[in-house]
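The values are calculated or read from the model by the stated rules, or taken from the named source; none is laboratory data. Because the structure is a prediction, the values reported are computed rather than measured. When we count neighbours, we look across all protein chains shown, and the Cβ atoms used for this are built from the backbone with ideal geometry, even at glycine.
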Amino acid sequence: MADRLKLGLAGIGTVGGGLLRLIEAHAGALSERAGQPIEVVAVSARNKRKKRDVDLSGLRFVQDPIKLATDPEIDVFVELIGGEEGIAKEAVETALRAGKHVVTANKALLAHHGPNLAALAEKHGVALNFEGAVAGGIPVVKVIREGLQGNDIARVYGILNGTCNYILTLMEREGRSFADVLKEAQEQGYAEADPTFDVGGFDTAHKLALLTSLAFGTRTKFDAVYVEGIESITPADIEAADDLGYRIKLLGVALRTDSGIEQRVHPTMVPKDTAIANVDGVSNCVAIDGDFVGDVMLIGPGAGGGPTASAVMSDIIDIARGQVLPPFGIKAKNLRAYRKAQMRAHEGGYYIRLSVHDRTGAFAAIAQRMAAQGISLESIVQRRPQTELPGQGTRGGGPAGVVMVTHETTEAAVRKALVAIERDGHVDAKPQMIRIEKL
């Protein structure tokens with residue numbers, strides 16, 4: 001065994017800085033747990049002179065991450081640059097070809113190129129570990145890849161983006177609009193200046209693609225994930241959900257069916273009495289349904305320098321111990337091609353909110369459009385006139401707010417009905433549709 005495990009760290013942002021602080025704080029304990037000292041010997045970043053809250057004075061600086069990836073002094077290349085293409089991808093590939101172990105928290109890179117990178121790692125007999133890429137400090141990759149290998153997993157789902165969960169939590173607690181809460185989240189550092197990646201659901205989709213591959217033994221298929229963000233959620237929806245006994249969460253859901261695998265990211269109404277409904281703020285939650293273990297749920301911090309650095313370090317310690325596993329649990333060559341599930345009825349039904357013009361025959365015409373698509377309604381309620389409509393603010397009078405909850409039906413049927421209702425001219429705003437999950 002070598003006298004120490006030497007790391008080359010590419011990317012000294014929030015997570016990279018957190019990793020350096022973790023190593024400094026727990027050097028002795030890490031050495032005992034790993035069986036040898038763990039040391040960062042070289043770092044790479046775009047700007048050497050940038051002011052950081054970690055001391056880099058004792059570390060060798062390598063301007064080019066590609067050169068760091070082949071540095072003869074390092075055993076492990078830690079990639080915390082980010083991005084699905086470009087320098088991050090090239091550096092990881094270079095490190096693997098050079099026989100260096102790789103640890104990364106780059107969900108986008110793995111969602112798009114994971115199986116190919118896994119094959120490259122296996123070819124060269126090195127590790128490709130990515131615990132930090134999904135759900136921050138929650139050890140979900142290890143749980144699925146190692147702890148639940150004796151199970152056939154039927155479903156994996158969860159809250160995978162802390163920014164969205166924070167926004168939805170505040171909208172509910174304080175009755176505020178999406179735009180208002182988003183602005184606060186940006187001011188507090190929970191949301192980026194351009195929040196599209198988070199609030200649009202794409203961050204969740206990258207993580208879900210990885211969980212799908214781990215759970216079902218398939219090649220990642222990011223472009224097969226249905227993605228819908230939270231931008232259209234209004235206080236009216238939050239209030240209606242509360243009245244109906246639900247809370248709204250952005251969920252990523254991967255489900256194995258007889259016809260294939262279903263992957264979807266979207267706002268969801270979940271029953272108030274479920275554990276996932278009570279995961280608030282920036283926390284994440286991942287639930288896994290196994291045939292022998294039953295239902296497993298993991299809850300914890302889903303992002304941030306400390307939690308993600310904790311996950312990265314767990315991967316590094318595995319390497320120090322000599323543990324090199326297939327990145328996705330089975331050999332890359334044995335990962336099955338992804339097969340998309342056929343359209344089927346959604347068991348939980350759908351919540352639909354309409355702003356209906358006050359005119360004779362409007363409600364009858366809407367009911368006819370629903371019936372034409374074979375949609376059975378569980379309930380229909382006219383909300384009080386004062387409500388917030390997207391882009392129009394809060395007002396009284398005017399069109400009536402109508403909330404409908406359907407029985408089990410297909411999404412295609414609901415969307416066809418709503419398109420027809422809009423075309424008929426009986427509503428003055430785009431209809432809102434949210435799936436209901438019984439969980």
- request: Grab the helices (runs of 4 or more DSSP H) fully contained in region 176-284, keeping just those with 1 or more residues being touching a Leu at 6+ places or on another chain (Cβ under 6 Å) and of a type outside the set (K, R).
  value: 178-187, 202-216
- prompt: Here are I12, I66, I87: which of them is among the hydrophobic types (A, V, I, L, M, F, W, C) and either without any contact (Cβ under 8 Å) to a residue 12 or more places away in the chain or assigned to a loop (DSSP other than H, G, I, E, B) (or both)?
  reply: I12
message: I'm told V356 meets every condition in (1) in contact (Cβ under 8 Å) with a residue 12 or more places away in the chain; (2) out of contact with any strand residue (DSSP E or B) (no Cβ under 8 Å at 6 or more places or on another chain); (3) more than 30 Å from N278 (Cα to Cα) except one. Can you identify the failing condition by its number?
response: (2)
field: Within region 67-83, tally of residues that are aliphatic (A, V, I, L, M), under 17 Å from A127 (Cα atoms) and within 25 Å of the chain's Cα centre (by Cα)
entry: 2
- line: Within region 254-278, the count of residues that are among the hydrophobic types (A, V, I, L, M, F, W, C), surrounded by fewer than 23 Cβ atoms within 10 Å (Cβ to Cβ) and touching a helix residue (DSSP H, G or I) at 6+ places or on another chain (Cβ under 8 Å) comes to 1
- request: Output the residue which, of all residues in region 9-37 that are under 17 Å from D75 (Cα atoms) and over 25 Å from the mean Cα position of the chain (by Cα), is surrounded by the most Cβ atoms within 10 Å (Cβ to Cβ).
  value: L20
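Yes or no, residue by residue, for (1) modelled with pLDDT of 90 or more; (2) among the charged types (D, E, K, R); (3) surrounded by fewer than 20 Cβ atoms within 10 Å (Cβ to Cβ):
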| site | (1), (2), (3) |
| --- | --- |
| G349 | yes, no, no |
| H357 | no, no, yes |
| G361 | no, no, yes |
| A364 | no, no, yes |
| R384 | no, yes, yes |
message: Kindly evaluate T196 against the criterion of being crowded, with 21+ Cβ neighbours inside 10 Å and either of a type in the set (S, T, N, Q) or free of Cβ contacts under 8 Å to residues at least 24 places away in the same chain (or both).
response: no
